[in-house]
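Presented below is the structure to which this report refers.
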Amino acid sequence: MQFHDTIAAISTPPGRGGIGVVRISGPEALRIAGGLLREAPEWNPRIAFLAELADEQGNTVDHVVVTYFAAPRSYTAEDVVEISCHGSPVVLRFAVERACRLGARPAEPGEFTLRAFANGRIDLPQAEAVRDLIDATTLYQARVAARQTGGSVSRRIQPLKNQLLELISLLEAGIDFAEDDISVAPPEEILRRLTPVRDGIDRLAASFTFGKLVHDGFTLAIAGRPNVGKSSLFNRLVEQERAIVTEIPGTTRDVVSETAALEGIPVRFMDTAGIRVSADTVEALGIERSFQAMADADLTLVVLDASAEPDDEDRALLARAQAQGRFLLVANKMDLPRRKQPEPGAIPVSALSGEGIERLRKRILEAVAPGGVMEQQDGFITSVRHVTLLRETLEALDHARTAVEIGIPHEMVLLDLYAGLRPIDAITGATTADDILNRIFSTFCIGK
């Protein structure tokens with residue numbers, strides 16, 4: 001993949017702001033950027049200088065700061081010029097249009113990062129992490145994506161790939177020396193080398209359980225009878241007064257949702273209507289939506305009133321939550337005089353005082369990400385594409401192991417090993433087809 005033309009684009013978000021950046025990359029970047037300025041400067045790499053952005057008649061349009069990054073020490077590994085203008089959409093659009101009249105063309109979505117990948121500046125997991133970093137909604141997501149742009153995923157995959165290549169080389173050598181009756185790869189040696197590769201790939205694929213939560217977040221529904229403090233607990237967890245709280249039972253008639261971060265993981269909290277038998281048509285519709293929210297949620301908090309005895313409606317709701325899947329039982333209003341001890345397994349909290357809320361947060365994370373602490377090391381998988389390819393590799397390596405155990409010739413074992421290598425290459429970009437690259441980079445914003 002080679003790029004012979006020069007591209008230009010606005011690299012800052014649409015709208016007005018203090019600063020807007022126009023990025024130009026390619027072999028003609030210096031000539032085109034010089035044509036945009038009243039006076040072409042001495043192009044000293046990595047030194048910012050003040051210049052005047054001018055029109056065709058030499059009239060000043062804006063005072064700008066220009067920075068030149070010489071190939072290959074630039075984002076794209078090509079000559080790159082970045083022009084920092086005042087953040088006027090009119091000025092930024094003028095700069096790009098004039099650059100195109102001088103010989104550049106508008107960049108496609110993600111084309112700067114695509115050029116960085118094609119020129120060997122970054123590998124494919126690093127390129128995909130750039131998009132995740134831009135799309136991050138929490139600081140923890142940004143930190144994870146930043147580690148991945150630094151190559152954390154590649155550092156975990158590469159040693160496993162090297163071990164697999166060594167095993168393939170061993171079997172290829174064994175085939176070459178087969179006429180001399182030299183056994184360079186007995187079954188025990190093949191399995192000894194294959195097992196750590198297979199186990200390493202399996203651990204990396206398993207890390208997607210936690211990585212998916214980091215990347216996509218999860219949904220949590222808060223359910224219970226009217227007036228057990230669901231809305232107060234909802235407000236406490238999202239750390240803002242989002243839901244209306246009154247002493248009148250049935251205040252919440254519809255599902256109220258809000259997205260907030262829980263230990264850096266985005267969570268969509270849903271406060272549902274109080275569940276009870278009701279003849280009111282509007283309230284009955286709200287209760288039906290509450291049941292639907294419970295069914296759709298990744299986790300449900302079933303809230304009980306710790307100051308009152310559980311009744312039939314509490315028990316019916318608990319039975320429904322148990323039938324639907326994962327849930328946590330929460331005993332709210334622990335600040336009030338209690339008539340009995342909380343239900344077994346219930347997490348005691350007070351939405352009013354904040355008692356037990358931190359413990360509840362930890363229990364929520366433990367429920368949705370069992371063993372998540374282990375997965376929080378560098379290099380866990382957050383991409384569906386990556387985990388799908390790793391599972392293809394696992395399947396191929398399992399076939400290879402079975403073939404070795406039952407005495408299949410090495411030529412056939414090699415077919416399975418190569419089948420396991422190809423998905424790894426597709427992750428790192430060594431053998432990735434153009435249509436896959438286009439699909440990946442088309443999801444980027446223009447200018448990145």
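The values are calculated or read from the model by the stated rules, or taken from the named source; none is laboratory data. Fair warning: this is a prediction, and the values are worked out from it, not measured in the lab. We place every Cβ from the backbone using ideal geometry, glycine too, and count neighbours over all the protein chains shown.
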Notebook entry, point to check: Could you say which residue among Leu191, Leu133 is over 15 Å from Ile424 (Cβ atoms), in a helix (DSSP H, G or I), of a type outside the set (Gly, Ala, Ser) and modelled with pLDDT under 90?
Noted result: Leu133
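What number of residues in the stretch 17-54 are touching a Gly at 6+ places or on another chain (Cβ under 7 Å), touching a residue at least 12 places away in the same chain (Cβ under 8 Å) and outside any helix (DSSP H, G or I)? Let's see the steps before the verdict.
Going residue by residue through the stretch 17-54, those that are touching a Gly at 6+ places or on another chain (Cβ under 7 Å) are 17-20, 23, 28, 32, 38, 40.
Applying the additional criterion that residues be touching a residue at least 12 places away in the same chain (Cβ under 8 Å) yields 17-20, 23, 28, 32, 38.
Adding the requirement that they be outside any helix (DSSP H, G or I) leaves 17-20, 23, 28, 38.
So the answer is 7.
Quick check on this structure: which one of Gly110, Gly87, Gly103 is assigned by TED's automatic domain parsing to the domain that holds Glu52, buried (at least 18 other Cβ atoms within 10 Å of the Cβ), small (Gly, Ala, Ser) and touching a residue at least 60 places away in the same chain (Cβ under 8 Å)? It would help to see each step written out before you state the result.
Numbers: Gly87 fails: buried (at least 18 other Cβ atoms within 10 Å of the Cβ); Gly103 fails: buried (at least 18 other Cβ atoms within 10 Å of the Cβ).
None of the other options fit; the residue is Gly110.
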Margin query: Can you say whether Gln57 is farther than 28 Å from Thr443 by Cα and outside any strand (DSSP E or B), as far as the supplied structure shows?
Written below: yes
Next item on the list: Look through the stretch 7-47, keep the residues that are small (Gly, Ala, Ser) and surrounded by fewer than 16 Cβ atoms within 10 Å (Cβ to Cβ), and return whichever of them is farthest from the chain's Cα centre (by Cα).
Entry: Ala40
Checklist line | Unique match (being in contact with a helix residue (DSSP H, G or I) (Cβ under 8 Å, 6 or more places away or on another chain), not in a helix (DSSP H, G or I) and not aromatic (Phe, Trp, Tyr)) among Gly200, Gly120, Gly103 | finding: Gly103
Check: Is it true that some residue in the stretch 402-417 is in the same structural domain as Leu191 (by TED's automatic domain parsing), closer than 20 Å to Gln126 by Cα, crowded, with 16+ Cβ neighbours inside 10 Å and at pLDDT 90 or above?
Finding: no
Note to self: Given the criteria assigned to a helix (DSSP H, G or I) and touching a residue at least 60 places away in the same chain (Cβ under 8 Å), does Arg391 qualify?
What the structure shows: yes
Check: Quick check: is even one residue across the stretch 239-248 surrounded by fewer than 14 Cβ atoms within 10 Å (Cβ to Cβ) and either touching a strand residue (DSSP E or B) at 6+ places or on another chain (Cβ under 7 Å) or at pLDDT 80 or above (or both)?
Finding: yes
Notebook entry, point to check: If you go through the stretch 82-91 one residue at a time, do you hit one that is modelled with pLDDT of 90 or more and in a loop (DSSP other than H, G, I, E, B)?
Noted result: yes
Note to self: Restricting to the stretch 422-448, count the residues that are surrounded by fewer than 20 Cβ atoms within 10 Å (Cβ to Cβ) and either acidic (Asp, Glu) or at pLDDT 85 or above (or both).
What the structure shows: 4
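A quick yes/no check of all residues on (1) assigned to a loop (DSSP other than H, G, I, E, B); (2) modelled with pLDDT of 75 or more; (3) crowded, with 19+ Cβ neighbours inside 10 Å:
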| residue | (1), (2), (3) |
| --- | --- |
| Lys340 | yes, no, no |
| Arg363 | no, yes, no |
| Pro370 | yes, no, no |
| Val373 | no, no, no |
Next item on the list: Given the conditions (1) more than 29 Å from the chain's Cα centre (by Cα); (2) modelled with pLDDT under 75; (3) not in a helix (DSSP H, G or I), report the number of the one that Val303 does not fulfil.
Entry: (2)
